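Encoded as structure tokens, the structure appears first; notes follow it.
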Amino acid sequence: MEKQLRFRDILHFLVTIEEVPSAATLTAELERLLEILGFKYYCVFHQPKPIENAAELIVAANWPAEWVARYVAKKYIAMDPTIRFLLRANRSFSWTQAVEAYVNNPHYRRMKTMMADGKAHGLAAGYIFPVFTRNGLIGATTIGGPKDIELSPAEIALMETGFRNAYFRY
């Protein structure tokens, strides 16, 4: 029954985002969906580039302010396993999948340290939903929180569609 309710809420989000009158209403709908699913934080951002200030790429977010400041100050964008994985991914993925992809990377320990730092700021687990056009990756939405929430492949596919549509509405 719980899965059916989650599908209903995701489908409601898909329909609603096409009709929202403003970015503020879109953000409220996004936050409503994430609260229902059990996620606490989100960040909608443009395609990351290591030479840029990561904070300038953010379109909409409710990341903890301390985490954003720390992420920028420590230049985590250069070693963030989720960002590295995003730049080569062709589908949505969990943060755990991204970290595991770099087990043999020389920077793996630094990546794990960064993820532990994120966990200390309430970002223990989550997902990233890339946004692609014919020209490739243009942005993404990442969602997360203090606990690991498992999404089914069908839920991930629906949310990928929703977050792609939402990205273009911002």
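Yes/no per residue for (1) without any contact (Cβ under 8 Å) to a residue 12 or more places away in the chain; (2) touching a strand residue (DSSP E or B) at 6+ places or on another chain (Cβ under 6 Å):
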{"residue": "Leu30", "(1), (2)": "no, no"}
{"residue": "Glu35", "(1), (2)": "yes, no"}
{"residue": "Gln47", "(1), (2)": "no, yes"}
{"residue": "Asn53", "(1), (2)": "no, no"}
{"residue": "Arg70", "(1), (2)": "no, no"}
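If you go through segment 73-128 and keep only what is farther than 29 Å from Thr161 by Cβ, in contact with a helix residue (DSSP H, G or I) (Cβ under 8 Å, 6 or more places away or on another chain) and of a type in the set (A, V, I, L, M), you end up with Met79, Met111, Met114.
Taken together, Thr141, Thr161 contain a single residue that is open to solvent by less than 20 Å² (accessible area, probe 1.4 Å) and in contact (Cβ under 8 Å) with a residue 60 or more places away in the chain, which is Thr141.
Only residues that are surrounded by fewer than 19 Cβ atoms within 10 Å (Cβ to Cβ), β-branched (Val, Ile, Thr) and under 28 Å from His121 (Cβ atoms) were counted in segment 5-24, giving 0. Summed over segment 144-156, residues that are more than 11 Å from the chain's Cα centre (by Cα) and in contact (Cβ under 8 Å) with a residue 12 or more places away in the chain total 9. When segment 91-132 is filtered for residues that are β-branched (Val, Ile, Thr), within 15 Å of the chain's Cα centre (by Cα) and not in a helix (DSSP H, G or I), the ones remaining, listed by number, are Ile128, Val131. Applying the condition of being closer than 23 Å to Asn105 by Cα and part of a loop (DSSP other than H, G, I, E, B) to segment 53-85 and asking which residue is nearest to the chain's Cα centre (by Cα) yields Asp80.
Ala55 satisfies every condition listed in (1) open to solvent by 30 Å² or more (accessible area, probe 1.4 Å); (2) modelled with pLDDT of 90 or more; (3) among the small types (Gly, Ala, Ser) except (2).
Condition (residue is modelled with pLDDT under 90, surrounded by fewer than 19 Cβ atoms within 10 Å (Cβ to Cβ) and in a loop (DSSP other than H, G, I, E, B)) applied to segment 33-43: is it met by at least one residue? No; the residues of segment 33-43 include none that is modelled with pLDDT under 90, surrounded by fewer than 19 Cβ atoms within 10 Å (Cβ to Cβ) and in a loop (DSSP other than H, G, I, E, B). Of the residues making up segment 83-113, those that are over 24 Å from Pro153 (Cα atoms) and open to solvent by 80 Å² or more (accessible area, probe 1.4 Å) are Asn104, Pro106, Arg109, Arg110, Lys112, Thr113.
The values are calculated or read from the model by the stated rules, or taken from the named source; none is laboratory data. Since we're looking at a predicted model, the values are computed, not measured. Ideal geometry is used to build each Cβ from the backbone, glycine not excepted, and the neighbour counts take in all protein chains shown. Side chains included, ligands, DNA and RNA excluded: accessible areas come from the protein's heavy atoms. Shrake-Rupley method; radii C 1.70, N 1.55, O 1.52, S 1.80 Å.
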